[in-house]
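For reference, the structure is listed below as structure tokens.
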Amino acid sequence: MAEQLLTTKQAAAKLAVNVRTFYRYRARLVAKGLQQVNFGQYPKYRESSLDELIKQAAETGQQL
């Protein structure tokens, strides 16, 4: 099965934040393991890496 790539809007929705907030925290999320793929001028994000970040935050009780 192919890996799902999320748009910025989809990634923000998965984190339940607006796109502007996602852009503000994007560098921090990438540093923590969010995998970004540049497709032309539009970045895409691997859904599995975002799911892993959410899982780690839930298990450790730390913020994203």
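Some points to look at:
- Qualifying position, being in a helix (DSSP H, G or I), surrounded by 13 or more Cβ atoms within 10 Å (Cβ to Cβ), in contact with a helix residue (DSSP H, G or I) (Cβ under 6 Å, 6 or more places away or on another chain) and free of Cβ contacts under 8 Å to residues at least 24 places away in the same chain, among 12, 57: 12
- Of the residues making up region 32-54, those that are in a loop (DSSP other than H, G, I, E, B) and open to solvent by less than 60 Å² (accessible area, probe 1.4 Å) number 2.
The values are calculated or read from the model by the stated rules, or taken from the named source; none is laboratory data. Note that the coordinates shown come from a computational prediction; the quantities given were computed from them, not determined experimentally. With ideal geometry, Cβ positions are generated from the backbone for all residues, glycine too; neighbour counts draw on all protein chains shown. Keep in mind that these areas ignore ligands, DNA and RNA; they rest on the heavy atoms of the full protein, side chains included. Shrake-Rupley method; radii C 1.70, N 1.55, O 1.52, S 1.80 Å.
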